[in-house]
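Read through the structure below, which is laid out as structure tokens, and then see the notes.
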Amino acid sequence: AAISGSCLTPAPPWMPTNADDVRAYADLLRRDAETYFTDVERYFRCMDQQRREVFEQAREVSEDYARVMDFLNDMRK
């Protein structure tokens with residue numbers, strides 16, 4: 001099983017400390033924060049999916065390796 005592309009960590013939005021900037025950019029700051037939290041949720045779902053895929057891949061490799069070891073053991077008999 002091929003592992004899907006990597007999950008991209010979302011970049012945190014700019015949050016000003018100056019009160020004038022907060023007032024001036026309030027709508028943009030809200031929108032950027034909401035987008036960020038949506039992206040964070042998407043990132044965690046992606047990481048969960050990758051974990052499931054890697055776990056399945058490791059299970060398959062383990063089974064394949066067990067077959068190889070059985071074959072090698074049979075050759076020694």
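Against the chain, whose longest principal axis is taken from its Cα atoms, helix 26-76 shows a tilt of about 10°. If you plug the beta carbon distance of GLU63 and TYR43 into 1/(1 + (r/R0)^6) with R0 = 35 Å, you get a FRET efficiency near 0.70. Please report the relative contact order for the chain, taking Cα pairs under 8 Å with a sequence separation of at least 6, and give it as a percent rounded to a whole number. Computed value for the chain: 42 percent relative contact order. Estimated from helical segments only, the mean residue ellipticity of the chain at 222 nm is -26500 deg cm²/dmol, where each DSSP H run of four or more residues counts as -39500 (n - 2.57). Between the entries (i) 54, 26, 10; (ii) 37, 25, 20; (iii) 82, 16, 13, the label attached to Cα extents along the principal axes in Å calculated for this structure is (iii).
Rule-based calculations on the coordinates, nothing more; no lab input. Keep in mind the model is a prediction, meaning the values are calculated, not measured. In this analysis, Cβ positions are derived from the backbone assuming ideal geometry, glycine residues included, and neighbour counts consider all displayed protein chains.
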